[in-house]
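A.B. asks: Got a structure for you, written out below as structure tokens; questions coming shortly.
The values are calculated or read from the model by the stated rules, or taken from the named source; none is laboratory data. Bear in mind that the values here come from a model prediction, so they are computed numbers and not experimental data. Positions of Cβ are generated from backbone atoms using ideal geometry, with glycine treated the same way; all protein chains shown enter the neighbour counts.
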Amino acid sequence: MAEHVEEEAKEEITEEEKKSMEDFDVEVFRLAIALPSRAAEVVLEGIIQMYLQLTDGCQVRQLHSDRAREFTTRTLQRWCLNRGIYRTTTAGDSPQKNGRAEKRQF
């Protein structure tokens, strides 16, 4: 009998998940700010500033950057992990894949 209840609970959760996925919208925001240096601490402060702006109405799930040293620090990795933010980076073999941020001179 307990197995039957567990099976029903699993089915209910699956149905709830399906319903919530129907109501789920994804928006992509590309942000860039001018920073006085590329020091890891300065970059983290800039990321926190953008994060705070976005979390006023949005839930941040992913942070994407190039593979520059200031974006791959343990401090930034822990900061993202503590907030449930998934970190992704561009391929390291092509600066062109880094998009507008590499071309923009602030």
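A.B. asks: Could you please give the count of residues in the range 21-67 that are at pLDDT 90 or above and farther than 17 Å from Tyr86 by Cα?
C.D. replies: Number satisfying all stated conditions: 13.
A.B. asks: Of all residues in the range 47-88, how many are closer than 21 Å to Glu27 by Cβ and outside any loop (DSSP other than H, G, I, E, B)? Let's see the steps before the verdict.
C.D. replies: Quick first cut of the range 47-88, residues closer than 21 Å to Glu27 by Cβ only: 47-65, 80, 83-88.
From what is left, the residues that are outside any loop (DSSP other than H, G, I, E, B) are 47-54, 62-65, 80, 86-88.
Residues that pass the stated criteria total 16.
A.B. asks: Where residues in the range 50-71 are in contact with a Ser or Thr (Cβ under 8 Å, 6 or more places away or on another chain) and charged (D, E, K, R), which of them is surrounded by the most Cβ atoms within 10 Å (Cβ to Cβ)?
C.D. replies: Filtering the range 50-71 for residues that are in contact with a Ser or Thr (Cβ under 8 Å, 6 or more places away or on another chain) and charged (D, E, K, R), the one surrounded by the most Cβ atoms within 10 Å (Cβ to Cβ) comes out as Asp66.
A.B. asks: In the range 55-84, what residues are under 22 Å from Ala39 (Cα atoms) and of a type in the set (A, V, I, L, M, F, W, C)?
C.D. replies: Leu63, Ala68, Phe71, Leu76, Trp79, Cys80, Leu81, listed by residue number.
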